[in-house]
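Derivation of every value follows stated rules applied to the coordinates shown; laboratory data play no part. Bear in mind that the values here come from a model prediction, so they are computed numbers and not experimental data. Glycine also receives a Cβ, built like all others from the backbone with ideal geometry; neighbour counts cover every protein chain displayed.
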Ligand SMILES: Nc1ncnc2c1ncn2[C@@H]1O[C@H](COP(=O)(O)OP(=O)(O)OP(=O)(O)O)[C@@H](O)[C@H]1O
Ligand SMILES: [Mg+2]
């Protein structure tokens, strides 16, 4: 199964990759890989974490030079020595990790290296603003071009990255997991943009782990596994089960393995928690064994509530009780002392130590009781723990000493999950836990969260994917504009009901 | 299709369980050290018809000269690993040398700074020097973590003030006539022994303790460090205090070796210390660096100094070459950084 099934209504491919091979020390990331993009189509790349999708895209975008193989644009071989070459040739890429300068404005970020200049050769800020405004109007984005990027949510930053990539007016646009941080509303927005681009005859390469998106947006699908090209076909000729089977090499069992577990006492009790100017009067309880979902649109305050609970941004008023006693949580350290763990949403900003090893990343939160003796780290014990966490989470890495920055996005995420699981928390807060994680591993992580709950851990889970929240939670707290607009028990949870509460400030009737 | 599966897994299995060490950066720096030494050896025979290396006397003097800079460089290395910088170590060394000397004077001397406190056992002046250094570092660290001013500015302020304080301490007069008891500290090979002991202690501390792991984590990503439960502010204060303490130790040894405390001591040592760290592979971007590298870096500086003197090269030219080497080391650092971050940005 392979090349013959390739869609071929047109002989003219916009972009072709032929027989690409790329190795890194200890890893063959790609081997004999091919890819054929037709103009005016969206081509989805599917594959497990570490399958080589991002590596292949970086070859097309000039970031990596392949060991073997060739990239052809409209049939002509391309030699790329760097990303600028690729942009020149008409290939733009939105990387899996965000790459904006936090202290520069949105407009400055979008037009970096291409700023409009005035007569004196200085940046013309008026023109910069106007150009951005025009771009945003075309794309239907409502953001202030002069706002500094650091004030944006991750979703906001992602939209800026999208706008930036579109602004190059390139013929080939690569999107590496653009929706991993977006909620349904922004995803729809992105799809409108993509449909426009497709209508203009551009070729779009789209990487995602979300199956429903693939069938909404993709024309063609290529599947990769362990650095090999497996299959390419029209989206209309494939089913989601087939794709998963091709990706994983086996059947993946049931997606949200929710079990009913005995619910214990209230472990975490939050009353009138507020962070001035961000969210107000948030109250809820979480019991041992319970999984409480936090839903809401981007900017509704979900992530802020999680960060405040964990002491990243201490509350300005309100009360947090752990096991019935009121606690003051003013730093993550204190939160951890009280048995909490928080997997943050933005893994690059607040999660990863990119230059440190997988081991150093995984062990950092647990260098306290039990794992140190008078300041000295019990490395042997930790090595073993991290090694078994690595196999449990199936982290794909040559060894634990590998620099974590060299791991694929999904594997980095798994390491961070491992970091917090090692702390054996009593209250586990997960903010977009399966961000960038492939279908198979996702089910695995859901199973693990369920298992923790059955062992009496209180879980709070934030996810932009409604099916995930609905599938996993016992109760769903819906937020809008910094307030809880409703609490939906599992039995009554429906996409419509949650979206209602998430979008209307008046949904408050249930609260 | 199952054959297709696993080039990667095969590699994983062979290297997976046994944690294979990569070739550390130190090896390449060590090669540079050997290369430079051999170069001077060759030049020695050509220019002077004499061996550069086969002269134990010269080697001892070289290592002695470098041990004080080496000690403060170990403190500075830790600061740089956290993503900071310490410009004050040379001045703090001078201040500590003055204070140390003032408690180490002998009673034979008429114009002692503290006539009532003469002939004290060596431990007391040493402790005074360490204390002064640690205090200066504590102030650096507190300024940086409580007011959030950049380390460059905080330690620049300390650099100027500590030098001023060292001068003001005795109105610019040297503090001399130290007790033989105290002079013992810096005599013979003692400074070298102390240097190596300090290097061993902090090599272990950085590698095997929580202190070390937190230091790297903060340098690699301070926000993530905080979210991982590290008290970043407190830790930074500790790191700067340790750097100050080591500058204080350097000051005490310098005073003991010279038999006097002078406000002009340690001039530009901060730059040599930073240079030793950077040459040794410590990244100015933070998160990367090792004590072993810094020790080799200090030795490279020492060999250069001693080699040029041996060849009779004028001091001005020595400085020019040193400047070039420092810049080259930073370029090498940038190159390594780019290579690191080229992977996943
Ligand atoms: N710079 C690098 N150095 C070493 N190994 C690398 C580097 N970049 C990628 N790899 C390895 O190559 C393999 C493929 O990685 P890649 O990022 O392409 O995966 P991916 O398919 O995008 O996965 P994900 O879905 O998790 O994003 C992985 O095993 C990864 O560890
Ligand atoms: Mg990827």
Whole-percent tail of the Cα-Cα distance distribution for the stretch A:98-169, cut at 19 Å, equals 26 percent
Pop the C-beta distance of residue A:392 and residue A:12 into the FRET formula with R0 = 45 Å and round what comes out to the nearest 0.05.
0.40
Distance in Å, no decimals, from the C-alpha centre of the stretch A:419-458 to the one of the stretch A:360-393 is 19 Å
By how many degrees, between 0 and 90 and to the nearest 10, does the Cα long axis of helix A:184-199 differ from the longest principal axis of chain A?
0 degrees
Report D for the stretch B:23-336 in µm² per second (integer): Stokes-Einstein, Kirkwood Rh on Cα pairs, 4 °C, 1.567 mPa s.
65 µm²/s
Largest fluctuation, B:159, B:98, B:110 only, Gaussian network model of chain B with Cα springs under 10 angstrom, belongs to B:110
Inter-chain shielding of A:392-402 (mean C-beta neighbours from other protein chains, 10 Å cut-off):
3
Mind checking the angle between helix A:439-454 and chain A's longest principal axis? C-alpha axes, 0 to 90 degrees, to the nearest 10.
0 degrees
What does the helix-only formula give at 222 nm for the protein assembly as shown: each DSSP H stretch with n ≥ 4 adding -39500 (n - 2.57), the total divided by the residues, and the result rounded to the nearest 500 deg cm²/dmol?
-15000 deg cm²/dmol
Residues in the stretch A:380-422 near a label at residue A:455, defined as backbone nitrogen under 19 Å from the 7 Å Cα→Cβ point?
A:381-395, A:414-422
With chain B treated as a Gaussian network of Cα nodes joined by springs under 10 Å, which of B:84, B:137, B:157 yields the largest mean-square fluctuation?
B:157
Pairs of Cα atoms under 8 Å, at least six residues apart: use those to get the relative contact order of chain B, whole percent.
31 percent
Nitroxide proxy distance, nm - points 7 Å out along Cα→Cβ at residue B:117 and residue A:317
5.4 nm
What residues from the stretch A:167-181 fall in the zone where the backbone N is under 18 Å from a label point 7 Å along the Cα-to-C-beta line of residue A:134?
A:167-170
Subtracting the Cα-Cα distance from 0.36 nm times the residue separation, let me have the gained length for residue A:369 to residue A:67 in nm, one decimal.
104.0 nm
Between the stretch A:105-182 and the stretch B:234-293, what is the C-alpha centre distance in whole Å?
45 Å
The FRET efficiency for residue A:245 and residue B:193, from their Cβ-Cβ distance with R0 = 56 Å and rounded to 0.05, is 0.25
Residue B:146-residue B:315 pseudo-label distance in nm [points 7 Å out on the Cα-to-Cβ vector]
4.1 nm
What average number of partner chain Cβ atoms lie no more than 10 Å from the Cβ of the residues making up B:228-236?
6
First measure r as the distance between the Cβ atoms of residue A:381 and residue B:51, then evaluate 1/(1 + (r/R0)^6) with R0 = 41 Å and state the FRET efficiency to the nearest 0.05.
0.20
Any chance you could get the radius of gyration and Dmax over the Cα atoms of the stretch B:239-310, in Å?
13.7, 39
Helix B:315-342 sits off the longest principal axis of the Cα atoms of chain B, rounded to the nearest 10 on a 0 to 90 degree scale, by 30 degrees
So the compactness index of the protein assembly as shown, its C-alpha Rg divided by 2.2 N^0.38 Å, takes the value 1.07
Working note, the stretch A:53-135: Cα radius of gyration (Å, one decimal) and Dmax (Å, whole number) are 16.1, 47
Once a ≥ b ≥ c are taken as the square roots of the eigenvalues of the Cα gyration tensor of the stretch B:200-345, is the result rounded (a/c under 1.5), prolate (a/b larger than b/c) or oblate (a/b not larger than b/c)?
oblate
So, by mean Cβ neighbours within 10 angstrom, what's the order for B:31-41, A:105-115, B:259-269 with the highest one leading?
B:259-269, A:105-115, B:31-41
Semi-axis lengths (Å, descending) of the ellipsoid that matches the C-alpha gyration tensor of chain A:
38, 28, 23
Using a 7 Å offset from the Cα along the Cα-to-Cβ direction at both residue A:330 and residue A:447, what is the distance between the two label points in nm, to one decimal?
4.5 nm
Residue-averaged beta-carbon neighbours from other chains (10 angstrom radius) around A:345-357:
5
Taking one equal scatterer on every alpha-carbon of the stretch B:51-104, how large is log10 of I(q)/I(0) by Debye at q = 0.22 1/Å?
-0.87
